[in-house]
Amino acid sequence: MRDFIAGLPKAELHLHIEGTLEPELMFSLAQRNNIKLPYESVEDIRRAYEFSDLQSFLDIYYQGAAVLVNERDFHDLTFAYFEKLQRQNVRHVEMFFDPQTHTGRGIEFDTVIKGIQSALDEAQQRFGISSVLIMCFLRHLSAEAAMETLAQATPFRHLIDGVGLDSGELGNPPEKFIEVFTRAHEQGYHCVAHAGEEGPAEYIWQALKQLKVERIDHGVRCDEDPALVSYLREERIPLTVCPLSNTALKVYSNMAEHNIVKLLDEGLLVNINSDDPAYFGGHLNDNYLAVQRAFNLDEAVLVQLARHSFEGSFLRDSEKRIHLKEIDDYLQRLSAPPLDN
Ligand code: HPA
Ligand code: ZN
């Protein structure tokens, strides 16, 4: 199963670039930029990754991001992630970045986006992995700050495909950001939002109806509202589910408790993602494998999840068809008898 998953063409639709910062790189960037970390060693950092909920993770995650200062740092972080993707047969990525995490520390918006973008271009050229960028607003900050961030993005509009909403969910409902999402729609951005990770089903409704998002990030708490589950099924709204993230942040006490297979069985367009792989103990294929093991899934279900990853993406229909055909070709190669020459 590990090999089957490794070879399966797939897309990643829920990935925070700041969440790919491995302790080794955090350490070396801290040295390069003369930043004192509150850790003595890489092992020390790893030991701190014991989370009780979303906020306990976010505190450490924002602290770690402080080692990112120069354009080159953002490039190196992003390129290191693509080197990992290439080995997992990930063909397309829709990547979140959090400009406010950096502009709030005095880093220029253009430093962040230029560093990330140069790595996306290099990954496309060297590995043939396509990508799009989604700019997330930090929901624990004000609606005015989100609006200011949208304005800062204007010169880079051609590099940014979508906007999203992340950070501490409880107490920061989607409706707080109606104006900025309305403006983003007017400017032609794709719109997505984290909802129903720790927050209630009502936040998913708000994201859909008030922010008019086309995709929900996490969304696992939809199962508390049968009318919402029906709506998600009928409207074919993708849910970007992150299994290892959910168990690391105690949304579920262990993988066997996770509802991803139940949601799939209900006919929802769920797919598997890694969220913040450096912090949650695994990259994309580790997430597939963890779910496969917990539910003893067969290949057909894994294929369905991989198909959903392309179907739920921002890719054009013609591009989706090419990737879905890659999956079919992969299955055909596996079932074909070996050539004996
Ligand atoms: N939820 C909210 N904010 C985040 C996450 C998440 O899973 N990862 C990084 N920022
Ligand atoms: Zn996330």
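Computed quantities for the displayed model
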quantity	calculated
Heavy-atom accessible area per residue - the chain, 1.4 Å, Å²	41 Å²
Solvent accessible area, Å² - Asp166, 1.4 Å probe, full protein context	10 Å²
Rh by Kirkwood over Cα pairs, then Stokes-Einstein D for the chain at 1.002 mPa s and 20 °C, µm²/s	105 µm²/s
Relative contact order of the chain, pairs being alpha-carbon contacts under 8 Å that are 6 or more residues apart, as %	20 percent
Gap separating the Cα centres of segment 143-160 and segment 214-260, nearest whole Å	29 Å
Alpha-carbon centroid distance for the pair segment 262-315 / segment 37-72, whole angstrom	26 Å
Lysine-lysine proximity count for segment 2-332, Cα under 19 Å, sequence distance 8 or more or distinct chains	6
Kyte-Doolittle at least -1.0, axis length at least 24 Å by Cα - qualifying DSSP helices, the chain	109-127
Bridge type composition, the chain - antiparallel percent by DSSP, nearest 5	0 percent
Calculated [θ] (222 nm, deg cm²/dmol) that DSSP helices of n ≥ 4 give over the chain, each run adding -39,500 (n - 2.57)	-14500 deg cm²/dmol
Carbon plus sulfur fraction of accessible area for the chain, probe 1.4 Å, in percent	48 percent
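The values are calculated or read from the model by the stated rules, or taken from the named source; none is laboratory data. Everything numeric in this text was worked out from a predicted model, so none of it was measured. The accessibility values were calculated without ligands, DNA or RNA, using every heavy atom of the protein model including side chains. Shrake-Rupley method; radii C 1.70, N 1.55, O 1.52, S 1.80 Å.
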